[in-house]
Amino acid sequence: MSALFRTLRDGHGFDATLALLALAYLLVFSAFPLIYNILMSFQEVDMFSLASLVRPFVGLANYKSLFASPDFWPVIWNTVVFVGLCIIFQLGIGFGLALFFQQDFPGGSFLRGLFLAAWIMPALVAGAVWKWIFAGDFGVLNYLLQSAGLINDKVFWLSNPQISLYSVVIANIWLGIPFNMILLSVGLVGIPKDMYEAAALDGANAWQRFWHMTLPMMRSTIGAVVSLGIIFTLQQFDLFASLTQGGPANASNVAQYWSWQLSFQIYDIASGSAVSCLMLGFVIVVAVIYVRSTRHEHRA
């Protein structure tokens, strides 16, 4: 023990100690829950056996019952729509804002800070704000649309099965735009300005410079933004808990919220674990595709 304290005091063992602490943290709070969740997806789990590792092994029975559930494919489709729309609009609007803030104009830093406020705001708080905006009887959005003459009757954004999912999509797009803007701005800063000047001298217009120079040189950054965006969007739980709770009638339910419902509302913990394992598998596929694409790009 005295030898350990001596190595810490003279600095030789300090780096190793920090690394071991970080490793222990990852093992206890990341690796163990992950493995435990995967294990539960292959077992028969109830509330009384939740704390035990020794439970009946059922193989793929939890996954088979999950696929046979009438809610499975609608929830998966909602998840695809939610992730796809959020990624497309967050990337497009974030890219536009990143290009806009590359320009020099008075008040640019102040406006950029305003956009970052959405990123700092917790998702539960953002959900509460958007719930007031989307309120059917007294919501701000209905008031603005009626004042502009765009609608005649009140729209119940969160309780209408046809549009409840898209209401959460709008809220999540707003929440994720600053993240996209920041990462894309970093990528744009790395492009040498003299290349644009040379292209302009050669007669290339703004669109040609964007299409033939900006996009190819931003390919790695865009790949990172899309990959991280998919992962973060699949983790989005707070907005659904704040706005729709997956309703009405599962019209806005997605995989991450359904997993929580199965586990902590219906207490079908094994099926909830199976849903989260399917999501984990998809995230791993996305990560592998991104890593392989960047590896090939670096080799090129």
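The values are calculated or read from the model by the stated rules, or taken from the named source; none is laboratory data. Owing to the predicted nature of the structure, the values given are computational and were not obtained by experimental measurement. Ideal geometry is used to build each Cβ from the backbone, glycine not excepted, and the neighbour counts take in all protein chains shown. Surface accessibility is based on the protein's heavy atoms, side chains included, excluding ligands, DNA and RNA. Shrake-Rupley method; radii C 1.70, N 1.55, O 1.52, S 1.80 Å.
Under the 0.36 nm per residue contour assumption, what length would be gained going from the current alpha-carbon distance of Ile38 and Ile151 to full extension? Can you show the working numbers first?
Working: separation 113, 0.36 × 113 = 40.68 nm, distance 4.86 nm.
Stretched fully, the Ile38-Ile151 segment lengthens by 35.8 nm.
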Q) Where the centre of each part is set by its Cα atoms, how far does the range 66-110 sit from the range 149-190, in angstrom? A) 8 Å
Q: Would you list, by chain and number, the lysines whose Cα falls below 28 Å from the Cα of Lys131, excluding same-chain residues fewer than 8 positions away?
A: Lys154
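How much length, in nm to one decimal, is gained on full extension between Phe115 and Val186, taken as 0.36 nm per residue of separation minus their Cα-Cα distance? Could the numbers behind the result be given before it?
Details: separation 71, 0.36 × 71 = 25.56 nm, distance 1.56 nm.
Residue separation times 0.36 nm, minus the Cα-Cα distance, leaves 24.0 nm.
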Q) Mean residue ellipticity at 222 nm from the helices of the chain, using -39,500 (n - 2.57) per DSSP H segment of n ≥ 4 over the full residue count, to the nearest 500 deg cm²/dmol? A) -21500 deg cm²/dmol
**Q.** Label zone at Arg209, where the point sits 7 Å out along the Cα-to-Cβ direction: the range 176-200 residues whose backbone N lies under 11 Å
**A.** 193-200
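Within the chain, which DSSP H helices have Cα atoms that stretch 24 Å or more along the helix axis and a mean Kyte-Doolittle hydropathy of at least 0.0?
Values: long enough: 72-100 (42 Å, 1.92); 164-189 (38 Å, 1.78); 269-299 (45 Å, 0.95).
Those that pass (Cα extent of 24 Å or more, hydropathy at least 0.0) are 72-100, 164-189, 269-299.
Checking a compactness column here: for the range 80-132, what do you get for Rg(Cα) / (2.2 N^0.38 Å), N being the number of residues? Display every interim value, and only then the final one.
On the way: Rg = 13.7 Å, N = 53, 2.2 N^0.38 = 9.9 Å.
Normalised by 2.2 N^0.38 Å, the Cα Rg of the range 80-132 equals 1.38.
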Q: Can you tell me the relative contact order of the chain? Whole percent, Cα pairs under 8 Å, sequence separation 6 or more.
A: 26 percent
Q: Report the residues of the range 69-102 in range of a label on Ala200: point 7 Å along Cα→C-beta, backbone N strictly under 19 Å from it.
A: 98-102
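For the range 155-259, state the average projected area of the convex hull of the C-alpha atoms over all orientations, rounded to one decimal in nm². Write down the numbers at each step before the final one.
Details: hull surface 34.0 nm².
That works out to 8.5 nm², a quarter of the Cα hull's surface.
Leaving out ligands and nucleic acids, note down the accessible area per residue over the chain with a 1.4 angstrom probe, in whole Å².
On the way: 17910 Å² over 300 residues.
Each residue of the chain exposes 60 Å² on average to a 1.4 Å probe.
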Q: May I have the extent of the alpha carbons of the range 1-152 along their three principal axes, as whole Å values ordered from largest to smallest?
A: 74, 55, 28
Q) Tell me, what % of the accessible area of the chain is carbon and sulfur with a 1.4 angstrom probe? A) 70 percent
Q | Where the Cα pairs of the range 69-299 fall when distances are cut into 10 Å bins, in % | A | 7, 26, 30, 22, 12, 3, 0
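Once the Cα gyration tensor of the range 220-281 is diagonalised, what are the square roots of 5 times its eigenvalues, in whole Å and ordered largest first, as equivalent ellipsoid semi-axes? Each step should come with its number before you reach the end.
Details: eigenvalues 117, 46, 12 Å².
Values for the range 220-281, descending: 24, 15, 8 Å.
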Q: Would you mind getting me the FRET efficiency between Tyr267 and Ile93? Use the beta-carbon distance for r and R0 = 41 Å, nearest 0.05.
A: 0.55
